[in-house]
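The values are calculated or read from the model by the stated rules, or taken from the named source; none is laboratory data. Note that the structure is a prediction, hence the values are computed from the model and not measured. We place every Cβ from the backbone using ideal geometry, glycine too, and count neighbours over all the protein chains shown. Accessible surface areas use protein heavy atoms only, side chains included; no ligands, DNA or RNA. Shrake-Rupley method; radii C 1.70, N 1.55, O 1.52, S 1.80 Å.
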Amino acid sequence: MNNQRGILAVISGFSGAGKGTVVKELLSAHAQEYCLSVSATTRSPREGEVDGKHYFFLDKADFERRIGEGRFLEYACYVDNYYGTPKDFVYDKLNQGISVILEIEIQGALKVKERHPEAVLIFVTPPTVEELEARLRGRGTETEDVILSRLARAAEEVEYMNKYDYIVLNENGKIAECAEMIHRIIESEKRKTVYGGELIESLREGLAAYKKGE
Ligand code: 5GP
């Protein structure tokens, strides 16, 4: 199954689930196999964020023009800002056989699945609400209001978890294990028959001569 297309893997999780750290670990442990899609957004850059590396920072008019031009694989509105996945980059990498990771929120993830049923949707979560809350508090950077609003949002998001293909636990301090679990899931996806067309075809050709009566 050489020359196989890459796997489109979507990773989502509650705010505070640690998905960013896990994705970073996955990319550093398997640098040749994966690349991360850089999204476009209309939100302002945070300190230290670099245009083109963390996000493509666009103004609203530019973002909406690109929507009109069909340049996003998916986009969503999240906390009053647009976020979207540029299409060309993703398709180029997949065609080169490189798997692409989208770290996006749930509405976008479901749109990707609609458009690409073969995409694998992975939801990363701490095992308990206590752990989720402790992590949100442990960051030490958010106000009580922000923490409570993130937990309220998680309470809405939990309703969509069963639309994902896999749930992966991110247990305290076990980042490498969590990243490895995601890697194994993606490796298994590659074995799905939907990607086996070329192999099946070459076996069929090779076996044609042995068909009864030929
Ligand atoms: P933040 O503003 O904290 O960087 O991201 C807010 C949320 O938007 C996160 O859940 C993040 O995963 C999600 N997000 C980032 N890029 C995209 C994108 O291209 N599409 C969608 N649908 N969500 C995104």
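For this structure, a couple of remarks:
- Of all residues in the stretch 126-149, those satisfying the criterion of being closer than 21 Å to Glu47 by Cα and open to solvent by 60 Å² or more (accessible area, probe 1.4 Å) are Arg137, Gly138, Arg139, Gly140, Thr141, Thr143.
- Within the stretch 89-111, the set of residues being in a helix (DSSP H, G or I) and more than 12 Å from Ser39 (Cα to Cα) comprises Tyr91, Asp92, Lys93, Leu94, Asn95, Ile106, Gln107, Ala109, Leu110, Lys111.
- Extreme residue, farthest from the ligand (Cβ to nearest atom), among residues of the stretch 22-38 that are assigned to a loop (DSSP other than H, G, I, E, B) and closer than 15 Å to Lys93 by Cα: Gln32
- Taking the conditions (1) of a type outside the set (S, T, N, Q); (2) more than 27 Å from Cys178 (Cα to Cα); (3) assigned to a strand (DSSP E or B) in turn, Arg66 satisfies each one other than (3).
- Residue check: Phe72 meets all listed conditions (1) of a type in the set (Phe, Trp, Tyr); (2) over 20 Å from Phe123 (Cβ atoms); (3) surrounded by fewer than 17 Cβ atoms within 10 Å (Cβ to Cβ) but one, namely (3).
- Search result, residues across the stretch 38-63 that are surrounded by 12 or more Cβ atoms within 10 Å (Cβ to Cβ), among the hydroxyl-bearing types (Ser, Thr, Tyr) and over 22 Å from Ile101 (Cα atoms): none
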